[in-house]
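The values are calculated or read from the model by the stated rules, or taken from the named source; none is laboratory data. Remember, it's a predicted structure, so these values are computed and weren't measured experimentally. Glycine also receives a Cβ, built like all others from the backbone with ideal geometry; neighbour counts cover every protein chain displayed. Ligands, DNA and RNA are excluded from the accessible area calculation, which covers all protein heavy atoms including side chains. Shrake-Rupley method; radii C 1.70, N 1.55, O 1.52, S 1.80 Å.
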Amino acid sequence: MTPRYDLGFRPDIEGLRAAAVLAVLAFHATVPGMTGGFAGVDVFFVVSGFLITGLLLRDISATGRFSLAEFYARRARRLLPAAGVVLLATAAGAWLLLPPLRGGDIAGDVIAAALSIANWRSVAGQTDYLAAARDPSPLLHYWSLAVEEQFYLLWAPLLLVPALLARRLGRGAVPAVAVTAVTMTCASFALSLWWTALSEPLAYLATPSRAWQFGAGALAALLMPYGSRFPRGADRDGRDGDGRDGDGRDGDGRDAGGGWRTRPVAGVASAALGLGGAAAIAWSVVTFDSTTPYPGTAALAPTLGTVAVVLFRSPVSAALSLGPVRAVGRLSFSWYLWHWPVLVLAEAALGAQPWPVRLALVLASAVPAALTMWLVENPLRLSKVVTSLPSRGLALGATAMTVPVAAALLLNGGAVQGAATTHVTVADVPATTLQPPPAQARDDFPRSEGCEIELTATTSPACLFGDPAAEDRIVLIGDSHAGQWFAAAERVAVRRGWALEVLTKPGCPLPRLTVVDPRLGREYHECDTWREYALNRLAAGPPPRLIMVASLNAYAADRASLTRAWDSTLHRLTRLGAPLVYLRDTPLPGEDVPACLSGRPVGDCSFPRGRGLRPDPLAEQVVAGERPGVRLLDVTPLLCPGTAARCPAALDGIVLYRDDVHITDTLAVRLAPRIEQDLEDLDLIPTVL
């Protein structure tokens with residue numbers, strides 16, 4: 001006999017959504033002890049997969065048919081109006097509170113969020129060495145909504161097609177759905193494990209590696225008729241909703257009726273499993289942190305825990321069904337949308353805040369969330385005019401997408417114009433226009449195209465400049481902080497008829513350190529391989545006339561370990577017999593300098609000297625004569641002159657930094673003659689008249 005899939009109202013699921021959103025809010029507020037609150041998103045994914053699949057199974061098991069138009073219309077009227085309102089509000093807030101160049105960034109985020117591709121934009125940003133250091137977007141959290149919407153887009157037809165084929169072949173539709181769900185879930189989980197080991201940001205944000213969590217919810221829906229379930233319940237306050245609201249009610253405002261009429265599992269076993277599931281979720285929230293490889297196998301705890309809470313009656317179910325908890329659950333969608341923009345924009349105006357203030361801001365965001373729910377979300381979702389025809393729901397969704405996109409285009413246009421026309425006062429030069437302009441400073445890279453190799457690359461191309469056929473050559477080696485001196489190295493080589501060989505890999509320390517790369521979310525083994533390759537390549541070739549070494553001075557906080565790490569590398573470089581010069585790392589502003597300059601006076605964008613000038617053990621050892629064969633070049637007195645408490649972001653009309661840690665190529669070109677002169681004074685290169 002075909003099992004009956006017939007959803008009734010689930011007050012405990014409404015409460016479960018409350019628990020999930022509170023975990024996320026606490027995590028974003030940096031509440032102590034809630035370092036794994038991001039697992040609340042996993043709970044949302046499982047609940048969504050459970051409810052959506054339950055609605056699909058109800059129709060498929062009863063009639064063998066399912067209206068895709070009605071399904072998408074439900075999702076559109078439930079998700080998109082509230083999401084669109086928050087996008088518009090965030091665009092307005094960015095225009096008011098953020099510098100023009102940041103406004104341009106947010107415009108792109110608004111468009112991506114409106115088009116439900118925010119997760120892929122986040123993947124690109126978090127795996128991009130240059131973009132990852134920028135201030136967080138107030139729409140970063142829309143990645144999870146994009147994952148959910150992409151799942152909805154594909155899941156319904158993915159299940160419907162095998163169900164229809166099974167019906168046509170005279171076989172049961174539900175088994176065909178089950179086979180499809182199991183296959184998809186297993187494949188997605190395997191991909192999640194692979195991507196977590198390869199690139200954690202990709203695994204965390206991408207829909208294919210998250211689909212298994214929706215699939216786990218889908219499998220729970222398939223198992224419901226064979227396990228413990230509540231009898232049909234009634235919503236005590238008479239509110240109506242749809243499956244996306246987490247309550248299992250029909251989207252047109254009518255209770256789906258019928259409830260789960262199934263044989264119960266023993267009460268003790270059910271309670272134990274339900275309590276165990278809740279404990280798994282709670283354990284994840286309080287023990288996971290930024291060092292936990294995620295999602296990977298760790299995500300099994302909150303995922304399977306949610307499945308257990310959904311499937312089995314326990315005291316937790318009763319607690320989640322309490323009125324106040326359910327009230328938070330009803331607010332959860334709007335609250336999730338609002339809390340992050342409120343927090344990010346407030347800190348943009350006020351500066352970084354301690355966790356009690358962040359928590360207060362997150363709690364205060366419940367006010368616009370409640371207004372959105374009462375004035376936008378519920379009226380449109382329950383409107384008889386809108387729900388009477390699927391085309392109206394789809395039109396509403398299209399409008400909710402189009403309006404924010406239009407607003408974002410206006411915001412971007414204003415941002416570009418504002419950043420391009422910014423006039424400031426620089427040092428003693430009044431009312432000069434910065435070079436490069438803030439809008440262009442972010443793209444002011446060295447001209448060593450293709451030499452700063454990709455994240456996972458372990459070898460470098462030839463990267464020869466100047467006269468490639470020359471017998472003499474300079475080697476510029478290190479990470480992107482070596483690459484930023486390309487203009488100076490090229491000048492030295494070209495003026496002497498030499499070649500310039502560039503060996504650089506961004507984010508890869510030249511000292512022998514194994515680091516965790518934030519773009520990959522794991523140990524950067526490719527860096528270790530590349531470092532060994534680069535040193536072997538130099539040893540195998542003819543000795544260069546000069547080796548220029550530079551590296552970010554922030555890979556290790558421990559002075560002793562950094563010194564030991566340099567020992568191995570410098571020993572191998574000095575054995576080549578060529579003069580070796582170490583370019584001390586430039587000051588580190590620690591903030592997006594072009595964005596700051598696009599909306600504020602130069603003086604306001606200076607940064608504390610103590611933060612920008614990090615101790616440099618290698619430079620100190622060279623000065624003390626403890627590193628034979630190594631000479632030092634230090635431009636710090638030029639970039640942070642005197643003994644003032646703060647270092648400038650621009651000098652004499654030149655923007656010094658293209659982001660929060662790299663100098664602009666314009667500055668490197670300007671400093672190239674000084675670098676050349678210093679090398680001549682150290683007798684490291686011959687003088688050229």
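Annotations
- Scanning region 598-610 for residues that are modelled with pLDDT under 90, part of a helix (DSSP H, G or I) and surrounded by 14 or more Cβ atoms within 10 Å (Cβ to Cβ) turns up V602, G603.
- Of the set (1) surrounded by fewer than 21 Cβ atoms within 10 Å (Cβ to Cβ); (2) under 27 Å from the mean Cα position of the chain (by Cα), all apply to A82 but (1).
Residue-by-condition table, conditions (1) farther than 28 Å from L679 by Cβ; (2) within 25 Å of the chain's Cα centre (by Cα):
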| position | (1), (2) |
| --- | --- |
| L503 | no, no |
| P509 | no, yes |
| D517 | yes, yes |
| G521 | yes, yes |
| Y524 | yes, yes |
| W530 | no, no |
| Y533 | no, no |
| S551 | no, no |
| D558 | yes, no |
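- Residue match in region 122-138 (condition: over 30 Å from A348 (Cα atoms) and touching a residue at least 12 places away in the same chain (Cβ under 8 Å)): no
- Flag for G54 being more than 19 Å from L139 (Cα to Cα), of a type outside the set (A, V, I, L, M, F, W, C) and at pLDDT 90 or above: no
- Hey, W498 modelled with pLDDT of 95 or more and open to solvent by 10 Å² or more (accessible area, probe 1.4 Å) or not: yes
- Residue selection: Q677 satisfies the criterion of being of a type in the set (S, T, N, Q), open to solvent by 20 Å² or more (accessible area, probe 1.4 Å), within 20 Å of W485 (Cα to Cα) and part of a helix (DSSP H, G or I).
- Qualifying residue in region 203-213 (condition: open to solvent by 10 Å² or more (accessible area, probe 1.4 Å) and under 30 Å from G103 (Cα atoms)): yes
- Criterion: farther than 20 Å from A578 by Cα, in contact (Cβ under 8 Å) with a residue 12 or more places away in the chain, surrounded by 21 or more Cβ atoms within 10 Å (Cβ to Cβ) and not aliphatic (A, V, I, L, M) - qualifying residue of G521, G478: G521
- C527 meets each of the listed conditions (1) open to solvent by 20 Å² or more (accessible area, probe 1.4 Å); (2) in a helix (DSSP H, G or I) apart from (1).
- Residue-level check: of (1) surrounded by fewer than 18 Cβ atoms within 10 Å (Cβ to Cβ); (2) not in a helix (DSSP H, G or I), V286 misses just (2).
- Contacts under 9 angstrom Cβ, first residue in region 491-511 being more than 25 Å from N553 (Cβ to Cβ) and touching a residue at least 60 places away in the same chain (Cβ under 8 Å), partner in a loop (DSSP other than H, G, I, E, B) and β-branched (V, I, T), 6 or more apart: R495/V688; R496/I685; R496/V688
- If you filter region 476-524 down to residues that are part of a strand (DSSP E or B) and hydrophobic (A, V, I, L, M, F, W, C), you find that the one that is nearest to T292 (Cα to Cα) is V516.
- Check on D567, crowded, with 18+ Cβ neighbours inside 10 Å and outside any strand (DSSP E or B): no
- Single unsatisfied condition, A39 versus (1) at pLDDT 90 or above; (2) under 22 Å from the mean Cα position of the chain (by Cα); (3) open to solvent by 20 Å² or more (accessible area, probe 1.4 Å): (3)
- Scanning region 291-312 for residues that are open to solvent by 10 Å² or more (accessible area, probe 1.4 Å), in contact with a Gly (Cβ under 9 Å, 6 or more places away or on another chain) and outside any helix (DSSP H, G or I) yields T292, P293, F312.
- Residue check, L169 out of contact with any strand residue (DSSP E or B) (no Cβ under 6 Å at 6 or more places or on another chain), more than 27 Å from A118 (Cβ to Cβ) and surrounded by fewer than 20 Cβ atoms within 10 Å (Cβ to Cβ): yes
- Selection status of P589, in a loop (DSSP other than H, G, I, E, B) and surrounded by fewer than 20 Cβ atoms within 10 Å (Cβ to Cβ): no
- Taking every residue in region 98-113 that is within 24 Å of G351 (Cβ to Cβ) and pairing it with any residue that is open to solvent by 20 Å² or more (accessible area, probe 1.4 Å) and aromatic (F, W, Y), at least 6 positions away or on another chain, the pairs with Cβ-Cβ distances below 8 Å are G103/W95.
- Of residues in region 42-67 being surrounded by fewer than 24 Cβ atoms within 10 Å (Cβ to Cβ) and of a type in the set (D, E, K, R), the one farthest from L337 (Cα to Cα): R65
- If the condition is being of a type outside the set (A, V, I, L, M, F, W, C) and part of a strand (DSSP E or B), then region 541-560 contributes no residue at all.
- Region 455-471 residues that are closer than 19 Å to D528 by Cα, paired with ones that are among the β-branched types (V, I, T) and open to solvent by 70 Å² or more (accessible area, probe 1.4 Å) (beta carbon under 9 Å, 6 or more apart): T458/T529; T459/T529
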